[in-house]
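S.K.: Sharing a structure below in structure tokens format, with a few things to ask.
The values are calculated or read from the model by the stated rules, or taken from the named source; none is laboratory data. Since this is a predicted model, take the numbers as computed values, not measurements. Every residue, glycine among them, receives a Cβ derived from its backbone with ideal geometry; neighbour counts consider all protein chains shown. SASA here: full protein model, heavy atoms, side chains in, ligands and nucleic acids out. Shrake-Rupley method; radii C 1.70, N 1.55, O 1.52, S 1.80 Å.
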Amino acid sequence: MENTASFKPTLIVHGGAGNIQRSKLPPDLYAAHHASLQSYLRSTHTLLKEGSTALDAAVHAVSLLEDDPLFNCGRGSVFTTAGAIEMEASVMVTSIHPNSTTQPGSIKRGAGVMGVRNVRHPIRLARESLLRAGVAADGSPVDDGGSMHSQLIAPYVETLAKDWGLEFCPDEWFFTQKRWDEHMRGLRGEEEPLFLTQGTVGCVCLDQWGNLAVATSTGGLTNKLPGRIGDTPTLGAGFWAEAWDEIVSGGAEAMSDDSVGGLLRDARNWLGDCMPQFLRDQNTPMYSSLSGDGSSKQLDLGVEKGCYRRAVAVSGTGNGDSFLRVAAARTTASMLRFSSPGRFPSGLADAVTAVSGPGGELQRSAGARWNKTGEGEGGIIGIEAELVPVNRASDVKLHRGKVVFDFNCGGMWRAWVEEDAAGNEVERIMVFREQYQ
């Protein structure tokens, strides 16, 4: 890989969000979820530290969740009103490094599959759909059985899965009594005795080369209509990853909203072309992270002019129809990408809260139906990474991404690794805003 390994591997996993209440989450059920998430977090973190790409690590984590009947994906998927299981999954990649070729799938960037019935790991089908693009990096045709299509639906995509050698399982593998009972109670209009998540699992990873990947998988909403397509396989709704260069024209006046420099910066960002020519030349300076702790400081760049680079990846979970209506994932990234320097949002955490936090865009989209139908409920996890140009290899050090999340409902299962004040890695597994007691 052509880029110097410069980032500390980072990841966050989510296991569903919704009307999760302490009174309906007994200790044994909490312990089971905690143990599963901790196990999957550890194995995925180990892969990243051993040199796995972000894409492979994220797909690994979600594959484990798809085999676990505790979660609404793969083996634990919910049923449609017709009593069938229709699964969805997606992957998307980006890189903090300009013109990076270290990230598999960079030609297509994102792919989703939907309506999948008997493929054991829909997330692996999404990965194959991403990687099998039918073209090489130089644009020449490649006979890999794929195409440049970003979204594929069953039954045709299942035929591709067979051609690609993916594992299939009978209906019995996916059936769980818990989900069937939820299905029947829902048809009868009965209240759930235990907590009911709105589904979807996901993982966001940052690898040592500065590549970001997001993988998301779901069985959908309990008793959804047959053929319903949710946010999970839809680019920009339930998942997103992108990187961009932000212009630094020098000085506070040049960066202000009402100045020529500020207007120029905004216009060039909207056009997606803010990288100055000197960064495109053969002697492009190396990049270094904006801050060692991963915090966002848009104006404290350490350079007088040029560009600094940002990358984000997010995965959503909750009421998918609401995520679709507000294009939640892409909206989150766009708030950050197209914001004015020094103004809200200052980082991905602010944007995630504005969309999926209490009182945010998802909640507002439900209107008078909020707290009545489950509409608008959900949460988002993500990772952001930042770089500024440096000219000496000695300036490059180990840098960090920043894990973020927020939700507007009773709870969201999530697990991540963070550093304490002494620099030790600490595993965090939570469902509520406070620790489970």
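S.K.: Within the range 47-59, track down each residue that is out of contact with any helix residue (DSSP H, G or I) (no Cβ under 9 Å at 6 or more places or on another chain) and open to solvent by 30 Å² or more (accessible area, probe 1.4 Å).
M.R.: Across the range 47-59, the qualifying residues are Lys49, Glu50.
S.K.: Looking at the range 13-35, is at least one residue touching a helix residue (DSSP H, G or I) at 6+ places or on another chain (Cβ under 8 Å) and either without any contact (Cβ under 8 Å) to a residue 12 or more places away in the chain or more than 19 Å from Gln437 (Cα to Cα) (or both)?
M.R.: Looking only at the range 13-35, we keep the residues that are touching a helix residue (DSSP H, G or I) at 6+ places or on another chain (Cβ under 8 Å), and these are 13, 15.
Imposing the further condition that a residue be either without any contact (Cβ under 8 Å) to a residue 12 or more places away in the chain or more than 19 Å from Gln437 (Cα to Cα) (or both) reduces the set to 13, 15.
Yes; the residues of the range 13-35 include at least one that is touching a helix residue (DSSP H, G or I) at 6+ places or on another chain (Cβ under 8 Å) and either without any contact (Cβ under 8 Å) to a residue 12 or more places away in the chain or more than 19 Å from Gln437 (Cα to Cα) (or both).
S.K.: OK, next. What tally of residues in the range 137-171 results from selecting those that are within 16 Å of Ser106 (Cβ to Cβ), touching a residue at least 24 places away in the same chain (Cβ under 8 Å) and surrounded by fewer than 15 Cβ atoms within 10 Å (Cβ to Cβ)?
M.R.: 2
S.K.: Could you give me the residue pairs with C-beta distances under 7 Å whose first residue belongs to the range 340-364 and is under 27 Å from Gly374 (Cβ atoms), whose second residue is open to solvent by 60 Å² or more (accessible area, probe 1.4 Å) and of a type in the set (Phe, Trp, Tyr) wherever it lies, and which are 6+ apart or on separate chains?
M.R.: What qualifies is Asp350/Phe344; Val352/Phe405.
S.K.: Would you confirm whether or not the range 104-120 contains a residue that is under 12 Å from Val201 (Cβ atoms) and at pLDDT 95 or above? Don't jump to the end; show me each part of the working.
M.R.: Filtering the range 104-120 for residues under 12 Å from Val201 (Cβ atoms) gives none.
No - not one qualifying residue is present in the range 104-120.
S.K.: For Pro69, which of the numbered conditions (1) in a loop (DSSP other than H, G, I, E, B); (2) open to solvent by less than 20 Å² (accessible area, probe 1.4 Å) fails to hold?
M.R.: (2)
S.K.: Considering the range 343-373 alone, what residues qualify as being part of a helix (DSSP H, G or I) and in contact with an Asp or Glu (Cβ under 6 Å, 6 or more places away or on another chain)?
M.R.: If we filter the range 343-373 for residues that are part of a helix (DSSP H, G or I), which is where we start, we get 348-356, 361-369.
Matches in the range 343-373: Leu348, Val352, Thr353, Val355, Ser356, Ala366, Arg369.
S.K.: Still on this structure: Keeping to the range 58-87, report how many residues are closer than 12 Å to Trp180 by Cβ and not polar (S, T, N, Q).
M.R.: Going through the range 58-87 one residue at a time, the tally reaches 7.
S.K.: Another question, if that's okay. So is Val93 among the β-branched types (Val, Ile, Thr), under 21 Å from Ala35 (Cβ atoms) and under 16 Å from the mean Cα position of the chain (by Cα) or not?
M.R.: Numbers: among the β-branched types (Val, Ile, Thr): yes; under 21 Å from Ala35 (Cβ atoms): no; under 16 Å from the mean Cα position of the chain (by Cα): yes.
Here the answer is no, as Val93 does not meet what is asked.
S.K.: Here is a list of conditions, (1) more than 23 Å from Cys409 (Cα to Cα); (2) open to solvent by 30 Å² or more (accessible area, probe 1.4 Å); (3) of a type in the set (S, T, N, Q), and Thr44 meets all of them except one; can you say which number that is?
M.R.: Condition not satisfied by Thr44: (2).
S.K.: Since Pro98 meets every condition but one in (1) farther than 30 Å from Lys178 by Cα; (2) open to solvent by less than 10 Å² (accessible area, probe 1.4 Å); (3) in a loop (DSSP other than H, G, I, E, B), which condition does it not meet?
M.R.: The single condition Pro98 does not satisfy is (2).
S.K.: Would you please name the residue that is nearest to Gly318 (Cα to Cα), looking only at residues in the range 406-424 that are without any contact (Cβ under 8 Å) to a residue 24 or more places away in the chain and either hydrophobic (A, V, I, L, M, F, W, C) or open to solvent by 60 Å² or more (accessible area, probe 1.4 Å) (or both)?
M.R.: Step one: of the range 406-424, the residues without any contact (Cβ under 8 Å) to a residue 24 or more places away in the chain are 418-424.
Keeping just the survivors that are either hydrophobic (A, V, I, L, M, F, W, C) or open to solvent by 60 Å² or more (accessible area, probe 1.4 Å) (or both) gives 418-422, 424.
Details: Glu418: 24, Glu419: 28, Asp420: 30, Ala421: 33, Ala422: 35, Asn424: 32 Å.
That would be Glu418.
S.K.: Continuing with the same structure: Specify the residue that is most open to solvent (accessible area, probe 1.4 Å); the eligible residues are those in the range 195-219 that are within 27 Å of Ala84 (Cα to Cα) and at pLDDT below 95.
M.R.: My answer is Leu196.
S.K.: Could I ask something else about it? Among the numbered criteria (1) surrounded by fewer than 16 Cβ atoms within 10 Å (Cβ to Cβ); (2) under 17 Å from Ala385 (Cβ atoms); (3) β-branched (Val, Ile, Thr); (4) modelled with pLDDT of 95 or more, which one does Thr4 miss?
M.R.: (4)
S.K.: Looking at the range 334-342, can you tell me whether even one residue there is in contact with a Gly (Cβ under 8 Å, 6 or more places away or on another chain) and part of a loop (DSSP other than H, G, I, E, B)? Reasoning before the result, please.
M.R.: Going through the range 334-342, the residues in contact with a Gly (Cβ under 8 Å, 6 or more places away or on another chain) turn out to be 336, 340-341.
Filter once more, keeping what is part of a loop (DSSP other than H, G, I, E, B): 340-341.
Among the residues of the range 334-342, at least one is in contact with a Gly (Cβ under 8 Å, 6 or more places away or on another chain) and part of a loop (DSSP other than H, G, I, E, B), which makes the answer yes.
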